Structure formats: C-alpha cells, structure tokens
1. Cβ under 14 Å from A:SER43's Cβ, A:SER43 left aside: what net charge do those residues give with Lys, Arg +1 and Asp, Glu -1?
2. If I model chain B as equal point scatterers sitting on the Cα atoms and use the Debye formula, what is log10 I(q)/I(0) at q = 0.13, 0.14 Å⁻¹?
3. Viscosity 0.692 mPa s, temperature 37 °C: give me the Stokes-Einstein translational D for segment A:109-255 in µm²/s, with Rh taken as the Kirkwood radius over C-alpha pairs.
4. Keeping all protein chains in place, calculate the accessible area per residue for chain B (probe 1.4 angstrom), answer in Å².
5. Let me know the charge dipole size of chain B about its Cα centre in debye, to the nearest 20, where only the beta-carbon of Lys, Arg (+1) and Asp, Glu (-1) is charged.
6. Post the alpha-carbon centroid distance, segment B:1-51 to segment A:73-111, in whole angstrom.
7. Which value, in Å² rounded to 10, gives the accessible area of A:ASP244 with a 1.4 Å probe and all protein chains present?
8. How many Å² of accessible surface get buried when B and A come together, counting both sides, probe radius 1.4 Å, rounded to the nearest 100?
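The values are calculated or read from the model by the stated rules, or taken from the named source; none is laboratory data. Given the structure is predicted, the values throughout are model-derived calculations rather than measurements. Every residue, glycine among them, receives a Cβ derived from its backbone with ideal geometry; neighbour counts consider all protein chains shown. Only protein heavy atoms, including side chains, enter the accessible area calculation; ligands, DNA and RNA are left aside. Shrake-Rupley method; radii C 1.70, N 1.55, O 1.52, S 1.80 Å.
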Amino acid sequence: MSDNTLKKRKRNFDDAANAALFIAAFIGVWQLVFTLGIFPQISLPSPTMVAETFVKIIFNGTLFWSVGVTLGRLLAAFAVSITIGALVGFTMIKFKSFGKTLNSFSAGLLAFPSIAWVPFSILLIGFNEFGIMFVVVMSSVFSIMISTYSSIRNIPPIYLDAAKNMGAKGFLLFRHVTIPAATPSLIIGLRQAWSFSWHAVIGAEILMSIVGLGHILSVGREFLDMSQVIASMITIFTIGLLVDRFLLHKLEDKIRAKWGLDNHR
Amino acid sequence: MTKLQARNIVKHFDHNGNSVAALDGVNLNVEEGDFICIVGPSGCGKSTFLNIVAGLEKPDSGEILLNGKPISDSGPDRTMVFQEGALFPWLKVIDNVEFGLKMSGIPKDERSEISQRYLDMMQLTKFANSYTYQLSTGMKQRVAIARALAMDPEILLMDEPFAALDSQTRDLLLVELQLIWERTKKTIIFVTHNISESVILGNKVEVFKNRPSKIKKEIIIDYRRPRLAEDENLQKYYHQILDELKSEVIARTKDEIQ
C-alpha cells in the first residue's frame, strides 16, 4: 500500500472519529436537558425512548416502507426534473433572447419556497402521487435549468474555439466538448437540485400524503408522539447526508480530481 | 506554390460604442513550406489576423484563399496552437491528441497509430495517460503542438505558443520546432511579440504596423538551421526588425496615453 493511501485512510478514520465524538456530545446534551426536566416528557423524550421507537418502526416495517415510498417518489420526480430542466436549459442556450429572459426570472424561481407549490398542486392535480411529484419537480427543475444554462455559458470560449478549429461541430461538439466542459459546474447544480427535491418531497408528504417519511412525521405530530417525530427527522437527516456525501459529493470529487481542480495551494 | 493568400483583410472592433480599426488591408502571400513569423506591437491585431486565417473570426472585408479557394469556416486544415494551449482538462493527453482525428471520424486503430507517432515526436509517450493538470506548461504546449500536427493540417497556425514558458523551455522548443518544420515540411504562421523568437524561427518575418494595422515590412531570413538563440549572426536581423518596430511601439504608447 502506498504512503498516500495510508495517509488517506488515517484521515478518513480521524474524520469518522470526530463525527462520532460530535454525535456523542449531542446525545449527551440532549440526555442532560431531558434529565433536568426542562421540557415535559411528552415534548422532549429521552434518546433511549427515541431509540425504542426506531426499533419499533424498523421491526413493524414502517420505516423501510416509508423510506422506500419517499425515495421512489423523489427519484421519479428528480428524473423528470433533470430531463425537463436540461432540455429547457439547452433551449435557453440555443435561443439567446429566450435564455436571457428566463434567466432574469431565475432568482425568483430559485428562491420560491417548495411548500408554496402545494396548494396549487392540490387544486391542479389533487391529493395523489402525481400531485406530490409535481411539487418536487417544480421545486428542483429551475435549479437544473438555470445551472445547465449558466454552466454552458461559462465554458471558457477557448475550448469551443479549439474544438471548432479541429473540426468539431453540431452534436459532436455538444457531446465531446460542451457537456464535459460544463460538467464540474453541472454537478454543483445537480447537488443543489437534489437538496431542493429533498425539501420538497418531505414538505409535500407532510401535507398531501398517506404514506412516506413526511407522512410518519406528521402522524407523529397528530398522535403527540414526539419520539416518532424525532425518529423521522433523524432518518430524513441521515438520508440527505448519505446521498449527498456518498453519491453526489463523491462524483464531484472524482471529476474535480480528474480536472486537477483541487490542486490549489 | 502559393499555399495561402490574404487579400486586403480589414477588421474593425467595437470599443465602447466606437469603431476601432484593427486591420486595415493586410495582404500576405504564404508559399508552401514557408515559416512565417508575424511580429508587431502589442494590440496591433496580429492575433486577430491569425484568428481570421483560422476562420475563428470573420473579416469585415477581404478574403483568405487556401490553395486558391476562399475559406469559409474554422476547420482542421488550418489547426491552431493557442497561447494557453487550450487542452481539454477532461481528456487524457493521448485523447487530447486524438481529439481532432476522432471528430473527423478516423477509426480507432488509425487514431492511435497517428497519436503514437506525434507523442513520440514531442517526447510525450510516457505521459500519454496523464491528465493535463499533471503537466508543466512546457509539456502542455508540446501536447498542443502534437494535437495540431496530428490533424496533418495544410497550415499550422501558432498564436504566441511560447509566451508563457520559462526561457530554458522556450529555447528547447524553439530548436525542436525548427526540426519538426524541417521534418514535416509544414507551412507555419507563427505570431509573436518576441523579436528573437521570430528571427530564430522564421524564414520570413512580417512586421505589423501599429493599428490600424497592415504589414509594414517583410524581412527574409536566409540562414542555416537549426538556429540557436545565442547565435551572434542573427543579431543583424534582430536589429533590423527592432528598428522597424521601434517607431510602431512609440506610436502605440502614444495611443494608449491619449
């Protein structure tokens, strides 16, 4: 094993140790607040009580079922979002004044809260899967669209000049230069869109669904079951973290390393 | 045989709403196998002229003829080596060299045969699988040259390709480029602001006037190769070009102050 991999392992281990320490400290403070009785038990259960709820919802299948449903909706909507967002983004590049106009609305579109789509979606589509997916798509599609547009526009012109000079044009230019040149920046847009979708799917499920993570969160509230609320929140946090860290971030790191973008000293 | 002809090339730029004349009737005949160097004060439009020859920019009037036929677009028959190399960071060295061949639909086997040859010529074989960020500036320019030569262009266009190099690397590449020119018999147009570079490389040096620019003088350098930077006999050409340029640089500075 090379020196470098050893160093990397050591660093990963240190990172994990630090994270574990942080979590332990957090649980410690939580337990302390519980023991001091600052809040009534029904408002703030102890870490052990939440752990018991976790065991319960894992063994009765609720957790996996909810996670599965939520991720299913999310992935389906995200795929739609990427397809539409990318296509509109490319159209914005192709038709300059259209792109410019749409781009000038981008701040409003990006800042628009996903929850604010819910009433519209309920009335337009209804309390069903498509209604939820609609909210998720609307919450992430603009992010994909704007990032596609700006990533391509920010490609250094010299890459395109060089490629054209070597005879690349049309689809070949697009496939072999435009897309790869825009990729590092596209990935950042993808990560942002992912986190928007994640916000949106949970929000929509709280208000519009009878299954899913957002739903068990809202059931917990209705039955005054704070343990279930916290267990759902921890699950939401963990999935959000894992997907970003082990999928999207990994992907970004890989591309950045290939380009040599992390070699700044 | 005349390889390339520039006929009365005129180009204006829009600068804060004012039209600035960059090129004001550039005429140039390039013979097959010529090594033409273009020197001129900075901002005189020499790179613009090269971009027009490459087809990356359009002239306001005038035309470029390649083998007697007017050029329309940018194309692989006139490949350019850019100042910054313009290599693609998402491709390995070997894929950068093969890029143009791939675009023209040359099959894989033939591509790797060609890229091997030019990687070898530029002493890059060991780095074939490196990414560009792993290379020094000098090696990047070698890749850029290999990439341009791999296209087997009618004319090789070079836009200050050695401007960013340290002087040792530059001296080395100046010799290598002469050897490559003799070996491949390529027609080359090389733009530079560096007079010694032009004297070492060119068999003809075109001195550009301050803008609105045209060719002020052509100096023929008939001297044995490979020429070395330290060769004292080249001094007289150097001074001849310097004299031509001096008044232009002064004019240029005056422009800038006003």
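1. Local charge sum for A:SER43: 0.
2. Taking Cα atoms of chain B as identical point scatterers yields -0.85, -0.98.
3. 188 µm²/s
4. 44 Å²
5. Value, rounded to 20: 80 debye.
6. About 41 Å separates the Cα centre of segment B:1-51 from the one of segment A:73-111.
7. 40 Å²
8. Buried area between the two chains comes out at roughly 2000 Å².
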